[in-house]
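These notes concern the structure reproduced below.
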Amino acid sequence: MELNSENLEKYAHRMKEELDLKGVVVTLGKEEVFIQNPGQKYKIFPTRAKEVYDVSGAGDTFTAIFSMVSSLEDNWFIASDIVNHGSGIVVGEVGTSYVDKVGLIKSIQDRNKSIRD
């Protein structure tokens with residue numbers, strides 16, 4: 001069976017029901033992230049990495065930032081957008097790296113500036 005957004009939505013809904021989950025997050029490699037937000041339909045977010053040098057720590061970064069943001073903001077779509085900035089920073093470095101608050105805020109501001117321009 002081909003893995004596509006329709007199948008992902010079906011399986012995510014089934015997982016939510018069978019496991020009594022609030023929502024489902026599936027990273028789709030370096031290209032996208034599938035989010036089925038609690039009480040809402042799914043959305044697929046493209047990754048935000050400008051250049052990928054090393055994927056070491058990208059999954060850990062995703063999990064850490066998503067957990068932190070979703071505990072503060074109950075909208076997984078917002079959390080995923082912020083996570084994409086953090087993960088994009090990490091994969092843009094050679095070897096393992098980290099994301100600090102200043103770098104994360106700058107990435108979001110740069111994106112917002114490019115949207116306005």
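Every read-out reported here was derived from the displayed coordinates using simple, explicitly stated rules and does not represent laboratory data. Remember, it's a predicted structure, so these values are computed and weren't measured experimentally. Cβ atoms come from the backbone with ideal geometry, glycine included; neighbour counts cover every protein chain shown.
Which ones in segment 90-114 are in a helix (DSSP H, G or I) and of a type in the set (S, T, N, Q)?
Passing the criteria: 107, 109, 112, 114.
For segment 71-95, enumerate the residues that are small (Gly, Ala, Ser) and surrounded by fewer than 22 Cβ atoms within 10 Å (Cβ to Cβ). Don't jump to the end; show me each part of the working.
Step one: of segment 71-95, the residues small (Gly, Ala, Ser) are 71, 79-80, 86-88, 92, 95.
Once the filter is applied, which keeps residues that are small (Gly, Ala, Ser) and surrounded by fewer than 22 Cβ atoms within 10 Å (Cβ to Cβ), segment 71-95 yields 71, 88, 92, 95.
Considering 105, 115, 44, 65, which residue is in contact (Cβ under 8 Å) with a residue 24 or more places away in the chain, aliphatic (A, V, I, L, M) and farther than 21 Å from residue 9 by Cα?
Values: 105 fails: in contact (Cβ under 8 Å) with a residue 24 or more places away in the chain; 115 fails: in contact (Cβ under 8 Å) with a residue 24 or more places away in the chain; 44 fails: farther than 21 Å from residue 9 by Cα.
65 is the lone residue from the list that is in contact (Cβ under 8 Å) with a residue 24 or more places away in the chain, aliphatic (A, V, I, L, M) and farther than 21 Å from residue 9 by Cα.
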